[in-house]
Amino acid sequence: MWRGEGIFYALLPLCGKEPMMKKKIYKVPMFFLFVFIFSILFGATGVSAEDGYVTFSIEKFTLGQGYYMEPTVVPFEEGDTVADVTIEVLGAGNYRGTGTGNSIYFSFFRDDGNAQPDIPPYIIRAIEKSSGGMVTEDDLLETGKKDTGWLGEFDYYNMSGWMISSNHYFINLSTGAYPVEDGDVIRWQYTLYGYGSDLGATLMTSNPVIKAANKDALTAEIAKLNVSGEKAEKLKDTTFQRYYDNAIFILKTMTSTQEQVDMVLANLQGTSAEEPALPNPDTIPPSYAALAVMEIIDALPAANEVTLEDEAVIIAAREAYDEINGSDQELVDNVTKLIAAEDALSALKQAPIDNVIALIDALPTGGDVTLADKTVIEAARAAYAALTAPQQAGVTNLVKLTAAEAALEALENPDKILIVGEGGKVTPDDVSGLIGRTVLFIISPNSGYQVKEVVVDGVSLGAVTKFTYKNLTEDSRIVVTFEKADAPVFADISDHWAKADIEYLAALGIVNGKSADTFAPNDLLTRAEFTKILALASGEDMNSYGSLRIFDDVPQGKWYQPYVNWAYEKGIVKGVSTVTFSPNARISRQDMAVMMYRYADTVGMKLSDGSNAQRFADDGAIAAYAKTAVYAMKVSGIVNGMGQNQFAPNNHATRAEASAIIHRLLLLKQAG
């Protein structure tokens, strides 16, 4: 017996793909199978066996019209196919189609019913969402049937038609080429949206709009009851009548859960008296995307069990949640568990931060520091150094520690002329050979820092970035201190998916805004701009790279020259040719992945091997030189697809995308 999953083979020309199947079939014009339903009457003794039986039903649940043929039992002869059984049940004159034998296809089946459909809300929502609100329920009803008395493909909507499942698998070949076996459960089901997506079929999408319960066993149980000749007698029992009514209701409701289906089956079989709560047909169930996120969140530890080691899985759960669209997020019913886990993790990470803040608060101010304070100053520094980079960014009073350290250094080195605190440098940094001369001092804060104060011979010059000292002597005393720069507040990222990534990098001075209060997250990034971000993320001093002339189009004095030269010297970039870098060209997603992969290698990061990674659907579009990097980045969780398992290698990267992947890279680097 062959088994496949997916929509009826006639649909396949719509997506331009040939099916993968285990036996030969013949290509025919595209159309759906449709079925006319008529009553099959069985005697009190049921059906007579030939070579076996199949359960057979025809359902219009997506139209809200219940069964067109309730489940029944149909005998078959050896060699019969699904098409043979269907034709035997329908009879001549009740279908339209072409072909014969194993290439028979049916396009329309007689359907004299004129009742207006009552389409489930989840299907209406899916259609409205996919059409951008252009197609509503009223539009579907107005379209209606194209041929009175018949039900066929594209009735009501342009994705509608009949699909058939055998043993809970939607078959992907002609029904004339699909044999039946004893015990099969064959269910014709009408689809309105997504070529079966509303039925839970996955041939045309990996994310159908519902995850349908397996109702085959319950369908078979109802079929046996219908042909047993004992149905009327059994239904006289009020309890059994309720069980039966519940079963039919659950079968007809597309959003029934597997638990509900299994419980009502146990009721009918007499193995359990516990009855399920009946489903609400108007409830919109979680989409496949939402269900996938819910499973990730379910796997998280409870808030009171969260440890720092859970940070990666909690971050991954948040990213998974943020990546689905807002309407799907509304269906994630366990997001409160994610929020609780994040709060617990935040509290764990905040505790050592608060401890460091308290240690620094207890230090004397710069002017009151004595040599006896050395132990507590060093203890505060050691506690700060033990924090991770994100935790260090949360220490709000670091300037007090650096000022205390500078004061202590001055006390310990009374003859030292120039004392420079953490967070920057002063040029010249060695003044031993400059006694008696007039010296211009240039003060350069590191990324994420700013000058706090410059004190010259006990007099504060304020937060200057340069000053001239006339007639430097051995008694001169210059103390320069730095402080963390305030992170900019960008008004245009308040509800952006990359908000946390952007703010993290901005706090470290790795990315800047387009203005004081705007970041422009969706603006495209140039090769030079991305190189600068990567260079600043490295924490290296770029000043030594400004004098090189490597590429013809990276001239002396350009703002990006030291960053490009740094990247070239580190083997991170090679240029678009031996003499050109194209600094102003938009950077592609695949080139961004390549540069990050090389950067990781230069800093000794051990990335996961991507050779066995699941390929992106557009793998063929990824350049050969980029594939190793792309899949290593994918497996390491640094780069993601663009939806529908597409990587879009040649798409230009945005400022938000660059911020997100740089942030992930830094987190992975910190994790070791």
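None of the figures in this text is laboratory data; all of them are computed from the coordinates on show. Computed from a prediction, not measured in an experiment: that's the story for all the values here. Ideal geometry is used to build each Cβ from the backbone, glycine not excepted, and the neighbour counts take in all protein chains shown.
Please sort by residue number the chymotrypsin sites (Phe, Trp or Tyr not before Pro) in the range 528-631 whose DSSP state is loop and whose Cβ has at most 14 other Cβ atoms within 10 Å.
W559
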Subject >> Charge dipole (debye, nearest 20) of the range 118-271; +1 at Cβ of Lys and Arg, -1 at Cβ of Asp and Glu >> reply: 200
**OP:** Determine which residues of the range 298-320 fall in the zone a paramagnetic label at E259 would reach in this model, i.e. backbone nitrogen under 20 Å from the point 7 Å along Cα→Cβ.
**Re:** 298-302
Subject >> Top positive-direction residue, dipole computed over the chain with Cβ charges, set G571, V479, A410 >> reply: G571
**OP:** Would you mind ranking D591, D333 by Cβ crowding within 10 Å, fewest neighbours first?
**Re:** D333, D591
**OP:** Sort I533, I186 so that the residue with the fewest other Cβ atoms within 10 Å of its own Cβ comes first and the one with the most comes last.
**Re:** I533, I186
Subject >> More than 24 angstrom apart: percent of Cα pairs within the range 337-433 >> reply: 35
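Against the empirical 2.2 N^0.38 Å scaling, what ratio does the C-alpha Rg of the chain come to? Intermediate values should be presented prior to the final figure.
On the way: Rg = 35.1 Å, N = 672, 2.2 N^0.38 = 26.1 Å.
Rounded to two decimals, the normalised Rg is 1.34.
DSSP beta bridges in the range 412-558, what fraction antiparallel, as a percent rounded to 5? Each step should come with its number before you reach the end.
Details: 18 of 21 bridges.
The antiparallel proportion sits near 85 percent.
To the nearest 500 deg cm²/dmol, what mean residue ellipticity at 222 nm is calculated for the chain from DSSP H runs of n ≥ 4 alone, each contributing -39,500 (n - 2.57), summed and divided by the residues?
One gets -10500 deg cm²/dmol as the mean residue ellipticity at 222 nm.
Beta carbons within 10 angstrom, averaged per residue: use that to sort the peptides 601-610, 79-88, 457-466, 372-381, highest first.
Those peptides, ordered most packed to least, come out 79-88, 372-381, 601-610, 457-466.
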Original post:
Do any chymotrypsin sites (Phe, Trp or Tyr not before Pro) in the range 119-158 lie in a loop, going by DSSP, with at most 14 other beta-carbon atoms within 10 Å of their beta carbon, and if so which?
Top reply: F154
**OP:** Could you line up I315, I104, I58 from fewest to most neighbouring Cβ atoms inside 10 Å?
**Re:** I315, I104, I58
